[in-house]
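The values are calculated or read from the model by the stated rules, or taken from the named source; none is laboratory data. Just so it is clear, the model here is predicted, and its values are computed rather than measured. Neighbour counts run over all protein chains shown; Cβ positions are idealised from the backbone, glycine included. Just the protein is used for accessible areas: all its heavy atoms, side chains included, with ligands, DNA and RNA removed. Shrake-Rupley method; radii C 1.70, N 1.55, O 1.52, S 1.80 Å.
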Amino acid sequence: MAATRTFSIIKPDATRRNLTGAVTKMLEEAGLRVVASKRIRMSREQAEGFYGVHRERPFFKDLVAFMTSGPVVVQVLEGEDAVARNRQVMGATNPENADEGTIRKVHAESIEANTVHGSDSDENAQIEIDYFFKPEEIVG
Ligand code: GDP
């Protein structure tokens, strides 16, 4: 299968604990290649737009507050079947349900402060990549 791309965020709970390298190492060991990366502080507008599909969920306000509470590292990852591969190494949303050895099992603090985001489909990956990166910022 040809290489595809997905979008990842190393969330504020991870940057606060200085885990950017540790998380990236797990992504790389899972066969993903970082082809774009930048550390940013998300604005409230950016976070609300990014998580727009969750606008009606009870945790939306808390989620936006969390995602803007500290720096994040946004990344484009490339690899064979990148979306599924990343979801697999991330583990379940709730770390209590995550498989052993996954990023969320090893590092997540809670269902909200769960260390990483990863796109859930190729279509959303493209939308999310375009939300944070210009084409020339991605170097494969
Ligand atoms: P993901 O694709 O595994 O990240 O999960 P979702 O798309 O369902 O949720 C997006 C993000 O919202 C999650 O990664 C969590 O940070 C947060 N989240 C999801 N469910 C809950 C919840 O029940 N409570 C809280 N506080 N946050 C949640």
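For the stretch 15-57, filtering for residues that are within 29 Å of Ala3 (Cβ to Cβ), away from the ligand (no atom under 14 Å from the Cβ) and assigned to a loop (DSSP other than H, G, I, E, B) leaves 4. Among residues of the stretch 104-116 that are under 13 Å from Gly70 (Cβ atoms), those with a Cβ under 9 angstrom from a residue that is within 9 Å of the ligand (Cβ to nearest atom) and among the aromatic types (Phe, Trp, Tyr), sequence gap 6+ or separate chain, pair up as Ala113/Phe66. Within the stretch 17-32, residues that are more than 21 Å from Ser69 (Cβ to Cβ) sit with their Cβ atoms under 6 Å from residues that are small (Gly, Ala, Ser) and crowded, with 18+ Cβ neighbours inside 10 Å, at 6+ positions apart or across chains, in these pairs: Gly31/Gly79; Leu32/Gly79. Listed by first and then second residue, the pairs with beta-carbon distance under 7 Å, at least 6 apart or on different chains, first residue in the stretch 124-140 and farther than 12 Å from Val74 by Cβ, second open to solvent by 90 Å² or more (accessible area, probe 1.4 Å), are Ala125/Arg5. Taking each residue of the stretch 51-76 that is open to solvent by 70 Å² or more (accessible area, probe 1.4 Å) and looking for partners that are near the ligand (Cβ under 8 Å from one of its atoms) and assigned to a loop (DSSP other than H, G, I, E, B) with beta-carbon atoms closer than 7 Å, six or more apart or interchain, yields Phe59/Glu112; Asp62/Glu112.
Within the stretch 94-102, not a single residue is within 23 Å of Phe133 (Cβ to Cβ) and outside any loop (DSSP other than H, G, I, E, B). Among the numbered conditions (1) out of contact with any Asp or Glu (no Cβ under 6 Å at 6 or more places or on another chain); (2) assigned to a loop (DSSP other than H, G, I, E, B); (3) within 13 Å of the ligand (Cβ to nearest atom), tell me where Ala113 comes up short. In the conditions (1) out of contact with any Asp or Glu (no Cβ under 6 Å at 6 or more places or on another chain); (2) assigned to a loop (DSSP other than H, G, I, E, B); (3) within 13 Å of the ligand (Cβ to nearest atom), Ala113 misses (1) alone. Residue-level check: of (1) of a type in the set (Gly, Ala, Ser); (2) modelled with pLDDT of 95 or more; (3) open to solvent by 70 Å² or more (accessible area, probe 1.4 Å), Ala2 misses just (2). The residues in the stretch 81-127 that are open to solvent by less than 30 Å² (accessible area, probe 1.4 Å) and under 23 Å from Pro58 (Cα atoms) can be counted, and the count is 12.
Quick check: is even one residue across the stretch 83-92 basic (Lys, Arg), part of a helix (DSSP H, G or I), closer than 18 Å to Arg33 by Cβ and modelled with pLDDT of 95 or more? Among the residues of the stretch 83-92, at least one is basic (Lys, Arg), part of a helix (DSSP H, G or I), closer than 18 Å to Arg33 by Cβ and modelled with pLDDT of 95 or more, which makes the answer yes. The conditions of being loosely packed, with under 14 Cβ neighbours inside 10 Å and more than 8 Å from the ligand (Cβ to nearest atom) are met by Glu136.
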